[in-house]
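One structure is given here, and the rest of the page talks about it.
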Amino acid sequence: MRVCLLSFSGRVEPGNCYKVLQYISEVLENKAVESTLLAVTDYKINGCHNCTYECFSIDSTHCPKHDDVAFLYETVALHDLAIIALPVYSGAPCSLYFAFNERSQSVFDNSVLFDRYSKITKNYIVIGNEDAGGSNALNMVLATEEKLGEALLLQSHLYGQNSILGGLAEVPRVRTDLENFVERILAKK
């Protein structure tokens with residue numbers, strides 16, 4: 001089994017999303033499960049704008065955006081499942097996630113890629129406190145996902161942490177919750 005781990009944190013240095021997925025990678029490794037951890041900030045993702053809707057034309061391979069979105073979708077499609085960590089910014093999932101999602105229409109002209117990607121179960125970790133829109137962000141993600149696995153809302157204040165300090169993955173209770181999350185995911189495979 002191969003698991004793709006995608007961190008959508010916008011931080012330059014690893015924050016909660018990346019560190020949580022690093023810990024999950026260790027948990028998977030201890031279970032002899034291969035994983036690939038990607039920080040989307042290491043890749044170029046352009047949102048949809050300033051075009052003539054080439055992705056809706058008969059030959060949709062001419063998207064004017066030259067970035068790494070196709071590579072990221074192809075990478076996920078090479079795995080058996082995905083775990084995606086998203087921070088909550090202004091009561092919603094981060095803009096990188098929205099840009100990645102909206103650009104799928106320029107990638108999925110390839111029916112083989114679409115078929116493979118659509119079969120991958122996506123599991124989500126949304127990192128944000130309820131009073132800062134964490135539940136709303138989680139609901140937005142759940143409403144758009146067709147092949148949904150497990151979902152987890154990690155609220156830093158429930159663990160006595162400050163959300164911007166990036167220390168969630170070091171908290172023993174968080175690690176236990178992440179281990180249980182992985183167990184639920186693997187039990188479904």
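The values are calculated or read from the model by the stated rules, or taken from the named source; none is laboratory data. The shown structure was predicted, so the numbers you read here are calculated from the model rather than taken from an experiment. So basically every Cβ, Gly included, is an ideal-geometry build from the backbone, and we count neighbours across all protein chains shown.
Only residues that are more than 12 Å from residue 47 (Cβ to Cβ) and of a type in the set (A, V, I, L, M, F, W, C): list them for region 95-124, please. Result: 107, 108, 112, 113, 114, 120. If only residues of region 43-73 that are of a type in the set (Val, Ile, Thr) and assigned to a loop (DSSP other than H, G, I, E, B) are counted, the one that is modelled with the highest pLDDT is 45. Is at least one residue of region 104-114 under 21 Å from residue 151 (Cβ atoms), under 16 Å from the mean Cα position of the chain (by Cα) and surrounded by fewer than 22 Cβ atoms within 10 Å (Cβ to Cβ)? Checked region 104-114: at least one residue is under 21 Å from residue 151 (Cβ atoms), under 16 Å from the mean Cα position of the chain (by Cα) and surrounded by fewer than 22 Cβ atoms within 10 Å (Cβ to Cβ). Regarding residue 24, is this residue in a loop (DSSP other than H, G, I, E, B) and among the aliphatic types (A, V, I, L, M)? For residue 24, the condition - in a loop (DSSP other than H, G, I, E, B) and among the aliphatic types (A, V, I, L, M) - is not met. Within region 51-70, can one find any residue that is in contact with a strand residue (DSSP E or B) (Cβ under 7 Å, 6 or more places away or on another chain) and among the hydrophobic types (A, V, I, L, M, F, W, C)? The answer is no, given that none of the residues of region 51-70 is in contact with a strand residue (DSSP E or B) (Cβ under 7 Å, 6 or more places away or on another chain) and among the hydrophobic types (A, V, I, L, M, F, W, C). Among residues of region 66-87 that are in contact (Cβ under 8 Å) with a residue 40 or more places away in the chain, those with a Cβ under 8 angstrom from a residue that is in a loop (DSSP other than H, G, I, E, B) and of a type in the set (Val, Ile, Thr), sequence gap 6+ or separate chain, pair up as 72/45; 76/120; 77/120; 79/120; 80/120; 81/120; 82/120. Inspect region 174-187 for any residue being in contact with a Phe, Trp or Tyr (Cβ under 6 Å, 6 or more places away or on another chain) and among the β-branched types (Val, Ile, Thr) and give the result as yes or no. There is at least one residue in region 174-187 that is in contact with a Phe, Trp or Tyr (Cβ under 6 Å, 6 or more places away or on another chain) and among the β-branched types (Val, Ile, Thr).
Could you look through region 139-159, keep only residues that are in contact with a Ser or Thr (Cβ under 8 Å, 6 or more places away or on another chain) and hydrophobic (A, V, I, L, M, F, W, C), and pick out the one that is farthest from residue 122 (Cα to Cα)?
Restricting attention to region 139-159, the residues satisfying the condition of being in contact with a Ser or Thr (Cβ under 8 Å, 6 or more places away or on another chain) are 146-149, 153, 156-157.
Filter once more, so that each one left must be hydrophobic (A, V, I, L, M, F, W, C): 148, 153.
Numbers: 148: 5, 153: 15 Å.
It comes out as 153.
In this structure, residue 18 does satisfy being surrounded by 20 or more Cβ atoms within 10 Å (Cβ to Cβ), over 23 Å from residue 146 (Cα atoms) and either at pLDDT below 90 or of a type in the set (Phe, Trp, Tyr) (or both).
Could you please find all residues in region 87-115 being of a type in the set (Lys, Arg) and under 22 Å from residue 182 (Cα atoms)? It would help to see each step written out before you state the result.
Start the filter on region 87-115 by keeping residues that are of a type in the set (Lys, Arg), which leaves 103.
Within region 87-115, none qualify.
Of all residues in region 115-132, those being aliphatic (A, V, I, L, M), more than 12 Å from the chain's Cα centre (by Cα) and closer than 22 Å to residue 14 by Cβ number 1.
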